[in-house]
Amino acid sequence: MMRFTSLSKSILARLIPILLWIVIWHLVAIAVNKQLLLPTPNDTFKAIAEIIKGEDFAIIVGMSIYRVLLGMLLAMLFGTLTGIMSGLNKTIYNFLNPLIIVIKSTPVLSFIIIALLWFGASNVPVFICFLMCFPIIWTSYVEGIKQVNKEYLEMAQIYCLNRKLILKKIYLPTIKPYLTAGIFSGLGLGWKVAVAAEVLSHPKYSIGGMLHDAKIYLESEHLFAWTIIVIALSMTFELIFEGIIKSKGKKRVI
């Protein structure tokens, strides 16, 4: 009963602000009174229902999810490999750090345009997602390794602990909070940049392509509807990841 009550309070705490913003949105839409500029929540939710009933909805969403997950997976793979090496080796860090700074400083639009010259339309969002998330994962590992207690490492050397045990017992617990925060940031950013890349590259079956079409045909309610769908998908993936982290934490405690 206690768990149910706390869960209900948690859901209400999240729902009430959302409902308040929907009310504000409705009032502003009425004040503007121009469907093209700002459709009402009612029209937008009708558009969402219409989109979900569409034959290609599952394929469109599935392909966009695939591109984001593939980009994130590549970012995790290369970010982990180079991040650990950079955190442990100053020479590798000095070699890769300028590249990370360039990636962070360059506008996403510039990379999308360059990627359009290099890749096919379907691969551009994957590349952009990887490129924008890679520095976040890399930085998470580097910062995490920097924070490892040097006294623990000295003790490990004194007691001649093997590298696998040092990694598991000393490095991983310190790196984990940084990596978790990095993945959360990467998931949110990944959706933004991947959809932006889809808008410009216009691959077949993509949320970005649907946003582009809605803009071309001046279908504001569909533009808002697809935007809400992207936000919902991004939040869903963050909640799933958060649930996985919490469940692993509980298993370790038990």
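The values are calculated or read from the model by the stated rules, or taken from the named source; none is laboratory data. A quick note: this is a predicted structure, and the numbers were derived from the prediction, not measured. All Cβ positions, even for glycine, are placed from backbone atoms using ideal geometry, and neighbour counts span all protein chains on display.
Taking every residue in the range 221-240 that is within 12 Å of residue 65 (Cα to Cα) and pairing it with any residue that is modelled with pLDDT of 85 or more and among the hydroxyl-bearing types (Ser, Thr, Tyr), at least 6 positions away or on another chain, the pairs with Cβ-Cβ distances below 9 Å are 230/64; 233/64.
Would you say residue 44 is over 16 Å from residue 194 (Cα atoms), at pLDDT 90 or above, out of contact with any Leu (no Cβ under 7 Å at 6 or more places or on another chain) and hydroxyl-bearing (Ser, Thr, Tyr)? Walk me through how you get there before you give the answer.
Numbers: over 16 Å from residue 194 (Cα atoms): yes; at pLDDT 90 or above: yes; out of contact with any Leu (no Cβ under 7 Å at 6 or more places or on another chain): yes; hydroxyl-bearing (Ser, Thr, Tyr): yes.
When the stated conditions are applied, residue 44 passes them.
Residue-wise test of (1) under 22 Å from residue 69 (Cβ atoms); (2) modelled with pLDDT of 75 or more; (3) surrounded by fewer than 18 Cβ atoms within 10 Å (Cβ to Cβ).
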position	(1), (2), (3)
100	no, yes, no
108	yes, yes, yes
135	yes, yes, no
138	yes, yes, no
172	no, yes, yes
175	no, yes, no
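For the range 19-35, the criterion of being touching a Ser or Thr at 6+ places or on another chain (Cβ under 8 Å), surrounded by 13 or more Cβ atoms within 10 Å (Cβ to Cβ), at pLDDT 90 or above and not hydroxyl-bearing (Ser, Thr, Tyr) is met by no residue. Take the range 194-208 and flag every residue that is assigned to a helix (DSSP H, G or I), surrounded by fewer than 22 Cβ atoms within 10 Å (Cβ to Cβ) and touching a residue at least 60 places away in the same chain (Cβ under 8 Å). Once the filter is applied, which keeps residues that are assigned to a helix (DSSP H, G or I), surrounded by fewer than 22 Cβ atoms within 10 Å (Cβ to Cβ) and touching a residue at least 60 places away in the same chain (Cβ under 8 Å), the range 194-208 yields 196, 200.
Here residue 72 clears all of (1) modelled with pLDDT under 90; (2) in contact with a Gly (Cβ under 6 Å, 6 or more places away or on another chain) except the condition numbered (1).
Does residue 114 satisfy the condition of being β-branched (Val, Ile, Thr) and surrounded by 18 or more Cβ atoms within 10 Å (Cβ to Cβ)? Talk me through it step by step, then tell me what you get.
On the way: β-branched (Val, Ile, Thr): yes; surrounded by 18 or more Cβ atoms within 10 Å (Cβ to Cβ): no.
For residue 114, the condition - β-branched (Val, Ile, Thr) and surrounded by 18 or more Cβ atoms within 10 Å (Cβ to Cβ) - is not met.
The residue that is nearest to the chain's Cα centre (by Cα), among those in the range 170-209 that are among the polar types (S, T, N, Q) and within 21 Å of residue 135 (Cβ to Cβ), is 185.
Results for (1) over 28 Å from residue 232 (Cβ atoms); (2) among the β-branched types (Val, Ile, Thr); (3) without any contact (Cβ under 8 Å) to a residue 40 or more places away in the chain, shown as yes or no for each residue.
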site	(1), (2), (3)
52	no, yes, yes
64	no, no, no
67	no, no, no
78	yes, no, no
88	yes, no, no
93	yes, no, no
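For the range 213-232, the set of residues classified as part of a helix (DSSP H, G or I) and over 21 Å from the mean Cα position of the chain (by Cα) consists of 213, 214, 215, 216, 220, 221, 222, listed by residue number.
Go through the range 26-41 and give me each residue that's touching a residue at least 12 places away in the same chain (Cβ under 8 Å) and touching a Leu at 6+ places or on another chain (Cβ under 8 Å).
Taking the range 26-41 first, the residues touching a residue at least 12 places away in the same chain (Cβ under 8 Å) are 26, 29, 35-41.
Scanning the range 26-41 gives 29, 36.
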